[in-house]
Amino acid sequence: MKRAWWKESVVYQIYPRSFKDTTGNGVGDLRGILSELDTLRDLGVDIIWLSPVYESPNDDNGYDIADYRAIMAEFGTMADFDELLDGIHDRGMRLIMDLVANHTSDEHAWFTESRASLDNPKRDYYIWREGRTGPDGQSLPPNNWRSFFSGPAWERDEATGQYYLHLFTRKQPDLNWENPAVRKEIADVVDFWLAKGVDGFRMDVISLISKRGYGDTPHSEFNDTIANVYANGPRVHEFLQEMVRDVISRYDVMTVGEGPGIGLAEGPLYVNEDRGELNMVFHFGHMFMDHGPGGKFDPVDVGLPAFKKVFLDWDRAMAGGGWNSLFLGNHDFPRMVSRYGDDGEHWWASARALCLMLMSMRGTPYVYQGDEIGMTNVAFPSIGDYRDVETLNAWAEEVVEGGREPEDFLRAVHRQGRDNARTPYQWSDAPDAGFTASGRPWIAVNPNFPRVNLAAQRHDPDSIWAFYRRMIAFRKAHP
Ligand code: TEU
């Protein structure tokens, strides 16, 4: 096995919007992260991954990028970013950025041009198709694909009458990676940030960039459509190899690709060392296993043997020269202690047990902000308390249009919703958990903050935080 710094590191994911607000706008910011770098270093973090901080209209909290070379004004300025990067490097840590390149915002200049006319030079930057004609002469989408966030994956655009593909929200049009000009644009973006000194990328839904064609999906379960229709298209490896060859290989950096639809058979093709693609992928073996026939808001129970098998299988799958990422949660999934442990009576013990598991497997561990203090799911009483577009779209479709009982849907959201992981970081028992002094956080703080917070744990040798710190140190002492 070859040694590499990213194999001997612990990554900490920051969701900037929910980390720390220093300006009083109710939204976390870059200076908030800067102010806590010593805390992260003290925990033993080697690499910080920032969820997107680029200019964005925030339809999907920054996963809809309007300008890849600008910092979101709510988060700060490019000068703040440069200071943050220096602060991270000064402490011997590294920084990886989130590269969202399957799609842009519909407010990106490329899309504004692309949608303007059929012969715009940027028309082929996105995926445009004629609609189908319905029985009554009405215009229907080109196929039956559904978006990840409810409703059709196609939107008809007034200017030309054609439809554009959006696997996520309608404000996230998919880029056309078949177009070499698009690949060159993305390569230039990657080069821009690497030349600035960032240490790598987490690549959002990289498994989806190469499309297989646009026939109807025959699958009734959405996860089957992801795996068999949307993901692992015929040119995905060629596109990744091209990006690595042309740009990434010129730097000493790490890459981890997010991979809905990447199964045990495909994983090695993305990460085996002789392939020149990625260092790691995030597979969703354990993340999608509790989705029922109706998808994520129709959850089913999963047993421990099935859960353990995912990790065993993936460990074995890497025997041919690949390397695993290890994670039990992120900004898209429930809190790990609530989902895989117990956030009641056995909160403390199960948070520590999950930490032990995460830190003692082969692979690179990723800690999602707040998991190191045992932050839990939240059960807001009303849909009005929720912010996530996935949850709000599913509410509109299932409850408002579909007639599902609101209480039943909210129970599913309490268990599965992405906002579970997006409530503000709980720094202390001060108002709003010390996240913001504004009195109006962008999303409410979990009401358990007087009990679950960093200040209460930082100097307690038996705390969850202290256990993470010990396990990280132990891990590094025994490569
Ligand atoms: O997530 C991709 C992805 O597969 C998720 O949409 C996942 O299926 C869903 O969140 C489960 O509920 C990435 C980002 O991590 C996510 O935040 C973005 O919304 C999405 O891509 C679009 O960029």
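Every number in this text was worked out from the coordinates using simple rules, so none of it is lab data. It should be emphasised that the depicted structure is a prediction, and the values quoted were computed from it without experimental measurement. No Cβ is skipped: glycine too gets one built from the backbone with ideal geometry, and neighbour counts run over all protein chains shown.
Annotations
- Single residue of the stretch 406-429 satisfying the filter (touching a helix residue (DSSP H, G or I) at 6+ places or on another chain (Cβ under 8 Å) and of a type in the set (Asp, Glu)) that is surrounded by the most Cβ atoms within 10 Å (Cβ to Cβ): ASP419
- Residue under evaluation ALA265, criteria (1) in contact (Cβ under 8 Å) with a residue 24 or more places away in the chain; (2) more than 16 Å from the ligand (Cβ to nearest atom); (3) assigned to a loop (DSSP other than H, G, I, E, B), criterion not met: (1)
- Selection count where residues are surrounded by fewer than 19 Cβ atoms within 10 Å (Cβ to Cβ), of a type outside the set (S, T, N, Q) and either within 16 Å of the ligand (Cβ to nearest atom) or farther than 25 Å from SER249 by Cα (or both), scope the stretch 190-221: 8
- Meets criteria (more than 13 Å from the ligand (Cβ to nearest atom), in a loop (DSSP other than H, G, I, E, B), among the acidic types (Asp, Glu) and closer than 22 Å to PRO441 by Cβ) for ASP60: no
- Residues within the stretch 319-345 that are under 24 Å from LEU50 (Cβ atoms), assigned to a helix (DSSP H, G or I) and hydrophobic (A, V, I, L, M, F, W, C), tallied: 2
- Residues in the stretch 268-314 that are part of a loop (DSSP other than H, G, I, E, B), over 20 Å from MET254 (Cα atoms) and charged (D, E, K, R): ASP290, ASP301.
- Every condition in (1) more than 16 Å from the ligand (Cβ to nearest atom); (2) surrounded by 20 or more Cβ atoms within 10 Å (Cβ to Cβ) is met by HIS166 except one, and the failing one is (1).
- Residue count for the stretch 364-389, restricted to those that are farther than 17 Å from TYR340 by Cβ, more than 16 Å from the ligand (Cβ to nearest atom) and touching a Lys or Arg at 6+ places or on another chain (Cβ under 8 Å): 1
- Complete set of residues in the stretch 101-142 that are acidic (Asp, Glu) and either more than 29 Å from TRP193 (Cα to Cα) or assigned to a loop (DSSP other than H, G, I, E, B) (or both): ASP106, GLU107, ASP119, GLU130, ASP136
- Where VAL300 falls short, out of the listed (1) over 23 Å from LEU50 (Cα atoms); (2) in contact (Cβ under 8 Å) with a residue 24 or more places away in the chain: (2)
- Of residues in the stretch 280-298 being surrounded by fewer than 19 Cβ atoms within 10 Å (Cβ to Cβ) and of a type in the set (A, V, I, L, M, F, W, C), the one nearest to the ligand (Cβ to nearest atom): PHE288
- Yes/no for ASP86 being over 21 Å from MET203 (Cα atoms), more than 27 Å from the chain's Cα centre (by Cα) and either among the polar types (S, T, N, Q) or surrounded by fewer than 18 Cβ atoms within 10 Å (Cβ to Cβ) (or both): no
- Per-region count, the stretch 8-30, residues touching a Phe, Trp or Tyr at 6+ places or on another chain (Cβ under 9 Å) and either in a helix (DSSP H, G or I) or under 13 Å from ARG440 (Cβ atoms) (or both): 8
- When the residues of the stretch 119-139 are filtered to those that are over 32 Å from the mean Cα position of the chain (by Cα) and hydroxyl-bearing (Ser, Thr, Tyr), the one that is surrounded by the fewest Cβ atoms within 10 Å (Cβ to Cβ) is THR133.
- The sole residue among ALA101, ALA116, ALA70 that is closer than 24 Å to LYS171 by Cβ, of a type in the set (A, V, I, L, M) and buried (at least 24 other Cβ atoms within 10 Å of the Cβ) is ALA101.
- Criterion: free of Cβ contacts under 8 Å to residues at least 24 places away in the same chain and within 15 Å of the ligand (Cβ to nearest atom) - qualifying residue of LEU392, LEU328: LEU392
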